[in-house]
Amino acid sequence: MRCTAHRVFWAWNFDKEEAWLNEQSRRGLALVDASGIRYVFEESEPGAYEYRLELLENVASTVESRAYLRFLEEMDIECVATYGRWVYLRRRTDGAPFDLFSDIDSKIGHLRRIATLLAAVIFIQLSGMGCLAALHGCPPEMLPYAVVWVAVVALVASGFVRVALKLRRLKRERAVRE
Amino acid sequence: MAMESIALTEAVYYILLSLDEPLHGYGIMQNAERLSGGRVRLAAGTLYGALETLQKKCWIEPAPGAGTGRKKEYRLTGTGRAAVRAELERLRELVDNGERIVGEWSR
């Protein structure tokens, strides 16, 4: 029996999204599909699956990504859904912790991909705003739109800062150990 | 040819130690866990990244004979074997110095 839920998780809160999916799994709802804010669950034995998210280097349909996903399958990790470069992965719970990254270098690599994605979004937003302002200035009737736009940029920027702080912490740790 | 004298990560070290004979990803992970008494767990994402990097460095290569349906296997190259031997020398230097100096500690 399937059910659908809608929730908004920003890219910089992917760890919270993971935590939510794992909480659902513990309650007997296993994610079987996801796209954007829409999540599809199937009834399952409580705690049967553990979930992790990853932002791939390339879109899931590329040769490189498919090779990686095939490798994960060989490691008993199933890809239940893809959304652009995001993949939703799960593994049957077997007592051992389920992590995709076990050393700091690969954790840094993943967080860097996310930070780059956010930086690109901010850059595009700012360039867009800059171009429009240069061409048309900011007439009074455009003010509400400008405010919303600035708010969106501020939101993404705060997410970027959250990820950047995590990265800094990891890099400092890396200076001491792997 | 001088080998770069940089330290290998534990993950890479145990991957290389596992590939004297051809082995697939799952086997490498299990082998590393067994050799380290459960201490070193190679997570799938980390393992894949390391295998890609090691192939780019030509320290390992895909082992022939894996048809469709069989898991892809890897094995050491000559350069890879030399890298392991160099790393072992580096580790020996670390342990020798450590044992000598710590042996003289009074606390």
Seminar exercise, completed: Scanning the range B:10-28 residue by residue, those outside any loop (DSSP other than H, G, I, E, B), more than 11 Å from every other protein chain (Cβ to nearest Cβ) and touching a strand residue (DSSP E or B) at 6+ places or on another chain (Cβ under 7 Å) turn out to be B:16, B:23
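Which one is farthest from residue A:54 (Cα to Cα), of the residues in the range A:72-89 that are within 13 Å of chain B (Cβ to nearest Cβ) and either among the hydroxyl-bearing types (Ser, Thr, Tyr) or open to solvent by less than 20 Å² (accessible area, probe 1.4 Å) (or both)? Outline the logic, then answer.
Of the residues in the range A:72-89, the ones within 13 Å of chain B (Cβ to nearest Cβ) are A:72-79, A:87, A:89.
Okay, now just the ones that are also either among the hydroxyl-bearing types (Ser, Thr, Tyr) or open to solvent by less than 20 Å² (accessible area, probe 1.4 Å) (or both), so A:72, A:75, A:77, A:87, A:89.
Values: A:72: 12, A:75: 16, A:77: 12, A:87: 5, A:89: 8 Å.
If we take residues in the range A:72-89 being within 13 Å of chain B (Cβ to nearest Cβ) and either among the hydroxyl-bearing types (Ser, Thr, Tyr) or open to solvent by less than 20 Å² (accessible area, probe 1.4 Å) (or both), then A:75 is farthest from residue A:54 (Cα to Cα).
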Seminar exercise, completed: Residue count, the range B:40-58, condition closer than 13 Å to residue A:103 by Cβ and either assigned to a loop (DSSP other than H, G, I, E, B) or among the hydroxyl-bearing types (Ser, Thr, Tyr) (or both), comes to 7
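For the range A:15-59, name all the residues that are among the aliphatic types (A, V, I, L, M) and part of a loop (DSSP other than H, G, I, E, B). Don't jump to the end; show me each part of the working.
Of the range A:15-59, the ones among the aliphatic types (A, V, I, L, M) are A:19, A:21, A:29-32, A:34, A:37, A:40, A:48, A:53, A:55-56, A:59.
Answer for the range A:15-59, where residues must be among the aliphatic types (A, V, I, L, M) and part of a loop (DSSP other than H, G, I, E, B): A:37, A:48, A:56, A:59.
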For this session: Could you tell me whether any residue of the range B:34-48 is crowded, with 17+ Cβ neighbours inside 10 Å, among the aromatic types (Phe, Trp, Tyr) and either more than 13 Å from the chain's Cα centre (by Cα) or under 21 Å from residue A:91 (Cβ atoms) (or both)?
Result: yes
For this session: Would you check if residue A:113 is touching a strand residue (DSSP E or B) at 6+ places or on another chain (Cβ under 6 Å), assigned to a helix (DSSP H, G or I), open to solvent by less than 70 Å² (accessible area, probe 1.4 Å) and without any contact (Cβ under 8 Å) to a residue 60 or more places away in the chain?
Result: yes
Exercise. Based on what the data block shows, is residue A:99 in a loop (DSSP other than H, G, I, E, B) and either within 11 Å of chain B (Cβ to nearest Cβ) or at pLDDT 95 or above (or both)?
Worked result: yes
Exercise. If the Cβ limit is 6 Å and pairs must be 6+ apart or interchain, which residue in the range A:71-86 that is over 8 Å from residue A:60 (Cβ atoms) pairs with which residue that is open to solvent by 40 Å² or more (accessible area, probe 1.4 Å) and in a loop (DSSP other than H, G, I, E, B)?
Worked result: A:74/B:71
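Pick out the one residue from A:23, A:45, A:17 that is open to solvent by less than 30 Å² (accessible area, probe 1.4 Å) and out of contact with any Lys or Arg (no Cβ under 7 Å at 6 or more places or on another chain).
Numbers: A:23 fails: open to solvent by less than 30 Å² (accessible area, probe 1.4 Å); A:45 fails: open to solvent by less than 30 Å² (accessible area, probe 1.4 Å).
On inspection, the qualifying residue turns out to be A:17.
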Exercise. Considering A:38, A:66, which residue is basic (Lys, Arg) and free of Cβ contacts under 8 Å to residues at least 12 places away in the same chain?
Worked result: A:66
Exercise. For the range A:41-69, what are the residues that are within 14 Å of another protein chain (Cβ to nearest Cβ), more than 15 Å from the chain's Cα centre (by Cα) and more than 17 Å from residue B:43 (Cβ to Cβ)?
Worked result: A:63, A:64, A:65, A:66, A:67
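Taking the condition of being of a type outside the set (Asp, Glu), touching a Phe, Trp or Tyr at 6+ places or on another chain (Cβ under 8 Å) and open to solvent by less than 40 Å² (accessible area, probe 1.4 Å), how many residues in the range B:56-99 meet it?
Initial filter on the range B:56-99 (of a type outside the set (Asp, Glu)): B:56-60, B:62-72, B:74-86, B:88, B:90-92, B:94-95, B:97-98.
Narrowing the set further to residues that are touching a Phe, Trp or Tyr at 6+ places or on another chain (Cβ under 8 Å) leaves B:60, B:62-63, B:71-72, B:76-77, B:79-80, B:83-84.
Then drop every residue that is not open to solvent by less than 40 Å² (accessible area, probe 1.4 Å), which leaves B:60, B:63, B:76-77, B:80, B:83-84.
Selection size over the range B:56-99: 7.
The values are calculated or read from the model by the stated rules, or taken from the named source; none is laboratory data. Predicted, not measured: the structure shown is a model, and the values here were computed from it. Because the Cβ atoms are built from the backbone with ideal geometry, glycine has one as well, and the counts that use them run over all protein chains shown. To get the accessible areas, we keep the full protein, side chains included, count just its heavy atoms, and leave off ligands, DNA and RNA. Shrake-Rupley method; radii C 1.70, N 1.55, O 1.52, S 1.80 Å.
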